[in-house]
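What follows draws every value from the coordinates through simple rules; no lab data is involved. It should be emphasised that the depicted structure is a prediction, and the values quoted were computed from it without experimental measurement. Using ideal geometry, Cβ is built from the backbone for each residue, glycine included, and neighbour counts are taken over all protein chains shown.
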């Protein structure tokens, strides 16, 4: 009898001590509540809410549309290390069979089905990835509610989620896809979002796998900047690197700058830039053993910042 009473309590939602839920009425409120919750690392975080369909056009969402669209593009733009669209459409399907087209056709065929979903990676992607960047956004699924045909069910699963900078982009990506679905199902009035993150962290200035400009331009461009004495542009490139918290730290641009400075006789600056590269490589090594932004990683990121600040000071003092 006691067992059945306990099960009844669970079904009513009375036992919630181990459930990490955030429930909100607007997506911006959902975001703000998540920021408050994620002062520390959160595990098995669940974000949920029922929203009016107009929420996908809210200012909070549209502010992130441009970058979200880049994350959904079928071909990865050069400024991103990876994007989601290349995984959603990685089999080079015809336009009629693209990821979102499949979702729409599946919903038309079976509006309460369970196969209208994106699955961004498979087991081989994980096994073969090592520590290379792969999507944290793994699944996005849609269906119509069994109880209300005007309600779209939306469930997303993340193996990891950065909440301060990346969550708004992810929410905008979800809304972009809801908008495409609505074009074929204009009677949708509400959507129920259920977002699950295995682990969630709040990281200030997180780069969201966007490359810094110094890592996008080629080495010859950096050499031209040095030869032209364009100190202000070099400073701008380094300041961008200083203000970006990268989970995958690319050192190509910094190394090109070091070599260029050495070739032009600025050895003291080159040596300081080499210290930046060394600290960056140490972070990349540490990240092979942990995905949590812990005290040791914070210390190493601080070391990168200190070395970048020293390099900027030397450029101001030594490059005349």
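Considering only 20, 170, 122, give the residue with the highest GNM mean-square fluctuation for the chain, with springs between Cα atoms whenever their separation is below 10 Å.
Greatest mean-square fluctuation among the candidates belongs to 122.
Between the range 25-86 and the range 144-217, what's the alpha-carbon centroid distance in Å?
Between the Cα centres of the range 25-86 and the range 144-217 lies a distance of 4 Å.
Length gain on complete extension for the stretch residue 145 to residue 198, per 0.36 nm per residue less the alpha carbon to alpha carbon distance? Before the final figure, lay out the partial values.
Values: separation 53, 0.36 × 53 = 19.08 nm, distance 2.51 nm.
Extending this stretch completely gives an extra 16.6 nm.
GNM, the chain, Cα, under 10 Å: largest mean-square fluctuation among 223, 123, 261?
Comparing 223, 123, 261 in a Gaussian network model of the chain, the most mobile one is 123.
Of the labelled options (1) 169; (2) 145; (3) 159, which one gives volume of the Cα convex hull per residue in Å³ as computed for this structure?
Among (1) 169; (2) 145; (3) 159, the one calculated here is (1).
Please arrange 84, 194, 146 by how many other C-beta atoms lie within 10 Å of their C-beta, fewest to most. Write out the running numbers ahead of the final one.
Details: 84 25, 194 14, 146 10.
Listed from fewest to most nearby Cβ atoms, that is 146, 194, 84.
Using 7 Å Cα-to-Cβ label points, what is the residue 220/residue 63 separation (nm, one decimal)?
The modelled label-to-label distance comes out at 4.1 nm.
Sum -39500 (n - 2.57) across every DSSP H segment of at least 4 residues in the chain, then divide by the residue count to get the 222 nm mean residue ellipticity, nearest 500.
Numbers: 14 runs with 152 residues, N = 320.
That calculation yields -14500 deg cm²/dmol at 222 nm.
Considering only 285, 50, 26, give the residue with the highest GNM mean-square fluctuation for the chain, with springs between Cα atoms whenever their separation is below 10 Å.
Looking only at 285, 50, 26, the largest GNM fluctuation is found for 285.
For residue 25 and residue 46 in the same chain, what is the full-extension length gain: residue separation times 0.36 nm, less their Cα-Cα distance, in nm? List each step's numbers first, then the result.
Working: separation 21, 0.36 × 21 = 7.56 nm, distance 1.45 nm.
Separation in residues times 0.36 nm, less the Cα-Cα distance, equals 6.1 nm.
I'd like the antiparallel share, as a percent to the nearest 5, of DSSP beta bridges with both residues in the range 2-201.
Working: 20 of 34 bridges.
Around 60 percent antiparallel, to the nearest 5.
So what is the relative contact order of the chain, in percent, for Cα pairs below 8 Å that sit 6 or more residues apart?
Values: 482 pairs, mean separation 53.5, N = 320.
17 percent.
Relative to the longest principal Cα axis of the chain, at what angle does helix 267-286 sit, 0 to 90 degrees, rounded to 10?
Orientation of helix 267-286: about 30 degrees from the principal axis.
How tilted is helix 2-12 with respect to the longest principal axis of the chain? Cα atoms for both, answer in degrees (0 to 90, nearest 10).
The angle comes out at about 70 degrees.
What whole number of Å gives the distance from the Cα centroid of the range 96-130 to the Cα centroid of the range 241-320?
The distance from the Cα centre of the range 241-320 to that of the range 96-130 comes to 40 Å.
Taking neighbour counts of Cβ atoms within 10 Å as a proxy for exposure, in what order, fewest first, do 71, 319 appear? Display every interim value, and only then the final one.
On the way: 71 26, 319 15.
By the 10 Å Cβ count, ascending: 319, 71.
If one takes the longest principal axis of the Cα atoms in the chain, at what angle in degrees, from 0 to 90 and to the nearest 10, does the Cα axis of helix 252-263 lie?
Computed tilt is about 0 degrees.
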